[in-house]
Each structure stands twice: as C-alpha cells, then as structure tokens.
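Everything below concerns the one structure shown next.
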Amino acid sequence: MATIERLARLLAVDKLQEYDLTTFVAAIVAAGRTNRQALPTPTHHLTRTYILANLDVVLTGVLYLLSKSEKTSRISK
C-alpha cells in the first residue's frame, strides 16, 4: 500500500478527497495520464544497480499495472 501511496503523492493525486480502492486507483491512473512526467524515467538501460539507486523508477511499472487492472476490471470494491 505504501508503494501506491507514494505513486499517488508523486502524481499529485488530491489527498483531501475520500477514496475507496476503486476510486483511488482510478484517480492514480487519471493523474498518470496527465502527469506522467512527474515519474522518474531512466535515460539508459535499466540495471539492477540503477533500480536500487532509483527505486521510484519502479513506480512507472506499478502505474502501468494499475492501468491494465483498471481496464480489465480486476480491481473492485
């Protein structure tokens, strides 16, 4: 859960609104569509050393998985 909360913080999801699981994921995915540049992206090849030094890069993958789960309706209340 902390990973998803970090992703929401980086994407500037409204923290004052009350969410359930479905609406929280929807808000993150929507923010990811408009604010993707807020996520760190690698400029070179990904290596284990790079990922360990820049753990926020993994959040791009988390956003991708959340958006796929939302599209396939795998996340529900």
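The values are calculated or read from the model by the stated rules, or taken from the named source; none is laboratory data. Bear in mind the structure is a predicted one, so any value in this text is a computation, not a measurement. Here Cβ is always computed from backbone atoms with ideal geometry, including for glycine, and neighbour counts include all displayed protein chains. Remember, those area values only see protein heavy atoms, side chains included, never the ligands or the DNA or RNA. Shrake-Rupley method; radii C 1.70, N 1.55, O 1.52, S 1.80 Å.
Ligands, DNA and RNA excluded, the heavy atoms of residue 6 present near 80 Å² of accessible surface to a 1.4 Å solvent probe.
State, as an integer percentage, the relative contact order of the chain based on alpha-carbon contacts under 8 Å between residues 6 or more apart. Working shown, then result.
On the way: 47 pairs, mean separation 30.5, N = 77.
40 percent.
Accessible surface of residue 14, taken over heavy atoms with a 1.4 Å probe and every protein chain present, rounds to 80 Å². Per residue, the accessible area of the chain comes to 73 Å² when a 1.4 Å probe rolls over the protein heavy atoms. Here's the picture: a label point sits 7 Å out from the Cα of residue 71 along the beta-carbon direction, and within region 36-51 nothing has its amide nitrogen under 12 Å of it.
Can you give the convex hull volume of the alpha carbon atoms of the chain per residue, in Å³?
Values: hull volume 7.5 nm³, N = 77.
Hull volume over Cα atoms, normalised by residue count, gives 97 Å³.
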